[in-house]
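The values are calculated or read from the model by the stated rules, or taken from the named source; none is laboratory data. If you're wondering where the values come from, they're calculated on a predicted model, not measured in any experiment. In this analysis, Cβ positions are derived from the backbone assuming ideal geometry, glycine residues included, and neighbour counts consider all displayed protein chains. SASA here: full protein model, heavy atoms, side chains in, ligands and nucleic acids out. Shrake-Rupley method; radii C 1.70, N 1.55, O 1.52, S 1.80 Å.
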Amino acid sequence: MKINKLNTEQSENLLGILKKRFEKNMSRHEGLDWNNIQLKLEKNPEKLWSLYQMEITDGEPDVTDYHKDTDEYIFSDCSPESPKRRSLCYDYPAWESRKANKPENNVIDNASEMGIELLNEQQYRRLQELGKFDLKTSSWIRTPEQIRELGGALFCDRRYNTVFTYHNGADSYYAARGFRGFLKV
């Protein structure tokens, strides 16, 4: 199995970007120390690679949570609008079912290739407590299996200062709909 890894220059540049964003947005992670986070990242180069994938798709990853019981920091896409991973249907079966105008990829496979997970509705709503996201775009979220089995998929956005959850056929895709992911470090 190939381990994805950044070169030294890429790692240093990314760590600088992440540190600056961390310090600029302390309200997202009050009480956490960047030095502890950086040490964990340096010990886990494959996680740094995944954060790089989030960064180059304009996801603006930042620490949004810490789980003390597992000693895991949670990085989430914190870009104001849905990251530049758009025009994707929900999953491979939905992509495969399209007869014409297939999008380039699908959300579930794209997230997996990046080494991240898709936010679920609860995580999306928690993220919205840390800022105002998706005011002009929307983001696919992890869809419960019983909805997906019937051909549907869920997405969220923020309008009128309220977070809304909607549904669409899983094979649909839109230029203004991407997905937000998270990574445990």
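The residue list Asp62, Asp71, Asp58 contains one member that is buried (at least 16 other Cβ atoms within 10 Å of the Cβ) and either closer than 21 Å to Tyr124 by Cβ or in contact with a Lys or Arg (Cβ under 9 Å, 6 or more places away or on another chain) (or both), which is Asp62.
Whether a residue is open to solvent by less than 50 Å² (accessible area, probe 1.4 Å) and in a loop (DSSP other than H, G, I, E, B) was assessed, and Leu51 does not pass this test.
Among the residues of the stretch 22-48, those that are touching a helix residue (DSSP H, G or I) at 6+ places or on another chain (Cβ under 9 Å) and in a helix (DSSP H, G or I) comprise Phe22, Glu23, Arg28, Trp34, Ile37, Gln38, Lys40, Leu41, Glu42, Pro45, Lys47, Leu48. From the list Ser112, Ser76, the one residue that fits, being of a type in the set (Ser, Thr, Tyr) and open to solvent by less than 10 Å² (accessible area, probe 1.4 Å), is Ser76. Being at negative phi, of a type outside the set (D, E, K, R) and open to solvent by 50 Å² or more (accessible area, probe 1.4 Å) is a description that applies to Gln123.
Out of contact with any strand residue (DSSP E or B) (no Cβ under 9 Å at 6 or more places or on another chain) and loosely packed, with under 15 Cβ neighbours inside 10 Å: is that true of Leu150 in this structure? Spelling it out, Leu150 is indeed out of contact with any strand residue (DSSP E or B) (no Cβ under 9 Å at 6 or more places or on another chain) and loosely packed, with under 15 Cβ neighbours inside 10 Å.
Restricting the first member to the stretch 102-117 and to residues that are under 24 Å from Tyr73 (Cβ atoms) and assigned to a strand (DSSP E or B), and the second to residues that are open to solvent by less than 10 Å² (accessible area, probe 1.4 Å) and not charged (D, E, K, R), the beta-carbon pairs closer than 9 Å and six or more apart or on different chains are Glu117/Ala111; Glu117/Gly181; Glu117/Leu183.
Rundown of residues vs (1) outside any loop (DSSP other than H, G, I, E, B); (2) open to solvent by less than 10 Å² (accessible area, probe 1.4 Å); (3) of a type in the set (Lys, Arg), yes/no style:
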residue: Gly131; (1), (2), (3): no, no, no
residue: Lys136; (1), (2), (3): no, no, yes
residue: Ser139; (1), (2), (3): yes, yes, no
residue: Leu154; (1), (2), (3): yes, no, no
residue: Asn168; (1), (2), (3): yes, no, no
residue: Asp171; (1), (2), (3): no, no, no
residue: Ala175; (1), (2), (3): no, no, no
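When Arg148 is tested against (1) within 23 Å of Arg98 (Cα to Cα); (2) in contact with an Asp or Glu (Cβ under 7 Å, 6 or more places away or on another chain), exactly one condition is not met: (2).
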